[in-house]
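To start, the structure itself, in structure tokens.
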Amino acid sequence: MKRLIIANWKMNPQTLEEAKKLMVSWQHRLHFVADHVEVVICPPFVFLPSLHHHVAVIKLGAQNMSWIEEGALTGEVSAIQLKHWKVSYVILGHSERRLYLGETDSIVNEKVKLALYHKLTPILCLGGEQGADRDQMQSLVTKQFAACTKDVEDKNLHKIVYVYEPTWAISTMNKSRPETGEHAAEMVDHIYTLLEHRIGKAAKTAKVLYGGTVNKLNVHEYAKFPQIDGALVGAASLDSENFWQIIKEFHRESLHRS
Ligand code: PGA
């Protein structure tokens, strides 16, 4: 199974020129790693129409989408609109949306179901919640997993990309600290166990990633664990060389194992 590296640009960069420059900086190099690694870039919505021409080796993701199909919802973007711009992934349940915008498990659940219905791959973030601490992480992830995948048909559960991303590990959070590789791997195993309870052996066909301050200096900590299928990368994905080193390290580890 290919490793998956996802760039979450958040509200960056500020201009389309910078966004295009970043895309172009990876586009050609990615052919060298495409046999073992898939790369998804999630830019701000406004850049999607200009970046969809680059979709080939690089896949496009959105950072959010509406929980309803269409209608009067100021400021929201629909799944159908995303499909129009060749978006194939969508980040759902990110900590920042939970903490600053009050997004709840039940809203995330509606979005997950709608994304699957429209054949968008949900990138479901688990582990984000105000005040959550390390000791409670397993139970928090168990609760979020159950609530966010409620009424999702079992046959669709492996189509979701799960990301263990504890709030405190996000580089821009106050007093942030990256998770250790060991703990990230344990939590990834835990998510696989939750999946196994629902779909048995098919759990192995789902991807489970880690996110939180992954960069070129610490990527080895995560890439060396075979159960960590990739990374969700924020700040480091805005630096062309930093992100490329992350991709290369996951590629190197995959080659090593194949
Ligand atoms: P970070 O962000 O890599 O800057 O910690 C990750 C994320 O918020 O998805």
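Things worth noting here:
- Per-residue packing, averaged as other Cβ atoms within 10 Å, sorts the ranges 37-50, 81-94 into the order 81-94, 37-50, beginning with the highest.
- Contact order, relative form, for region 1-81: 31 percent (alpha carbon pairs under 8 Å, 6 or more residues apart, mean separation divided by residue count).
- R97, R252, R3, R198, ranked by accessible area, largest first (probe 1.4 Å): R252, R198, R97, R3
- Mean Cβ neighbour count within 10 Å, used as a protection proxy, ranking 164-175, 222-233 highest first: 222-233, 164-175
- Here the gap between Q14 and T193, fully extended at 0.36 nm per residue and compared with their Cα-Cα distance, gives a gain of 60.4 nm.
- Carbon/sulfur fraction of accessible area - the chain, other protein chains in place, 1.4 Å, %: 55 percent
- Probe 1.4 Å - accessible area at M65, Å² to nearest ten: 0 Å²
- Point-charge dipole on Cβ atoms (K/R +1, D/E -1) for the chain, about Cα centre, debye to 20: 620 debye
- Note that region 3-257 presents 45 Å² accessible area per residue, ligands and nucleic acids not counted, probe 1.4 Å.
- Length released on extending from A72 to S258, taking residue separation times 0.36 nm less the Cα-Cα span: 61.9 nm
- A straight Cα-to-Cα reach below 18 Å connects K248 with the aspartates and glutamates D35, E38, E221, D229, D239, residues fewer than 8 places away in its own chain not being considered.
The values are calculated or read from the model by the stated rules, or taken from the named source; none is laboratory data. Since this is a predicted model, take the numbers as computed values, not measurements. When we count neighbours, we look across all protein chains shown, and the Cβ atoms used for this are built from the backbone with ideal geometry, even at glycine. These area figures cover heavy atoms from the full protein model, side chains too; ligands, DNA and RNA do not enter into them. Shrake-Rupley method; radii C 1.70, N 1.55, O 1.52, S 1.80 Å.
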